[in-house]
1. Give the long-range amide H neighbours of Tyr229: residues separated by 5 or more places, or on another chain, with amide H under 5 Å away, using H modelled in the peptide plane at 1.01 Å from N.
2. What does the charge dipole of the chain about its Cα centre add up to, to the nearest 20 debye, if the Cβ of each Lys and Arg holds +1 and the Cβ of each Asp and Glu holds -1?
3. By the gyration tensor of its Cα atoms, with a ≥ b ≥ c the square roots of the eigenvalues, what is the shape of region 291-408: rounded for a/c under 1.5, prolate for a/b over b/c, or oblate?
4. List, in the order given, every pair from Lys403/Lys468; Lys135/Lys411; Lys282/Lys346; Lys226/Lys282 whose Cα-Cα distance in the structure shown is over 30 Å.
5. Three principal axis extents, largest first, for the C-alpha atoms of the chain, in Å?
6. Using only the alpha-carbon atoms, how far is helix 425-441 inclined from the longest principal axis of the chain? Give it as 0 to 90 degrees, nearest 10.
7. As I understand it, the value is the acute angle between the Cα axis of helix 264-280 and the longest principal axis of the Cα atoms of the chain; what does it come to in degrees, rounded to 10?
8. Taking the number of other C-beta atoms within 10 Å as the exposure measure, put Thr268, Thr323, Thr427, Thr50 in order starting with the fewest.
Amino acid sequence: MDKIGFKNFRRYNELSPLSLGRLTLLSGGNNSGKSTLVKAAMLAINYLKTPTIDSNRLINMLHYRKFFFDINNVHVSSFIRGINNKCNPESDRILFSVELGGFSVSIEVKSSDNVTNSYGYVSSILIEDIERSIKYNFIFEGSSSMTIDFSKENEEENENDNNLEDISNEIAELEELTKSSKDFQIIADANDRLTTLRQRLRLIESMDGKDNKKYSFPLSLPSDNKNPYFVTNMMASFIGIANKTYNGDDNKNIDAYNNLSSREKDITLSVLSLVDAISSYKFEYIAAHAASQRSFYTIYDASDYTAQTVHGFFNSGVAKIDTDGCIKISANEKEEVSVPEKLMLKYMNLFDIGSGIRVKSINNESYTVDIIDDSLKMMPLADKGMGAIQLTILLLRIVLLLKKYEYTSHKPIILVEEPEQNLHPKTQSLLADFFYEISTAFKFQILVETHSEYLVRKMQVIFASQIKIENKSLEELNNLIKVYFFPENNTPYLMTFLNNGRFENTFDPGFFDEAGKWNRELNKLERL
């Protein structure tokens, strides 16, 4: 995902779309809106993935307009809990804006008949194919309509349009010059310039006559359901119009039919590209969870995050299950280990957890987890500290994802909620190395919600070292790593990195300066 923004959602009247990096840290105070950004992203993508189904068409449209707020891990549950509390929920709308895979998509949502319902109704969808300069606008209310717009808006074409009169005037002057001049070289140069200007003029005129067009039609569902998603199926309905047999009495639409037919290939490519973009986006959510010191983890407790992580890891195929029903990953094993196993062992060592791990299945109903030390002795994970338990579960979850998406080109977006809980400052710093490696070496996009100044500070060091030692460019790294600060009562802003890893701007009071503030206060008291 490239950008996410919204209007009238949760605490924000408006949040202009924020650009996301491959690794994005969302820092700030409590209740500052970090999780709101994550919730908006998950809700918008969930709606775009609304599948096409075969059923009664009248029911279909109402079904497709439902925008659900009660999806897993979002915890919004209803329209009334989603809309900004300063808005009138009966009349105001929520707008979600995302940019993904070369497309900009805006989804406007209004309340259903009951604001406490788990869904609202989509009132409009605007899709812009940035590469092909095509806009699709679907209005589901009132005189419902669907519009396709081929207008080009890039700066060069706008400049051409604005200079149309200047070009015509220059052509007239040069034509007059070729008639009045007796200098053959001047005439030759003028004719060369005339050729260029006439070609440019014809190009602009052809764009005015063909590409810069907008066509509206009554809203209707396409007759076939070949596209997997509702939104792309609606886009594909313009292809159906392009292929429609022209009725000679329909004079007002002959221009639309002709132009849609001439752009059918572009529309088809546009549809396929958005299908691919939507298909490629999936979220894997690693929630902040209370570390559990249980000795057994049962597979039947769906609400136990730790148990479900252990169960998923055991069945992921990361390592072989031996005859005793155990998975053992250890640096002391003679067999060659896989890439996910190597990562597990590397960070178990760096996080000072142990030299390996054993997960044992008990009657396919529950599991025990033991940590292996350097002398091959085992200790139940439950006997480790809360920080070690939490880090082990984080590692199990990440390694599970590495294995799950090992052979797929489309990696999910990993959302991590406050991973620093229960952790020593040194270990919080190491999280920066961990997330940087996952995002760069394994090509996962990661969003981390964090209050940890240590994680952010270490990320600055990583940034500087990549420039000074690895010779990466400032622009490349500023696109790769992004840090946003969310003030408690203001708009989030990007912390822009400089070449030395420091930030161009500053955090609001209460984040980086908090420890220094109390140290200064202590110094004052010592002088009394």
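Coordinate-derived values only; no laboratory data. As the structure is a computational prediction, the values presented were derived from the model and not from experiment. Here the Cβ is made from the backbone with ideal geometry for all residues, glycine too, and neighbour counts use every protein chain on show.
1. Thr52
2. In total the dipole reaches around 1460 debye.
3. Verdict is rounded for region 291-408.
4. Lys403/Lys468
5. 97, 64, 58
6. 40 degrees
7. Tilt of helix 264-280: around 10 degrees.
8. Lowest count first: Thr323, Thr268, Thr50, Thr427.
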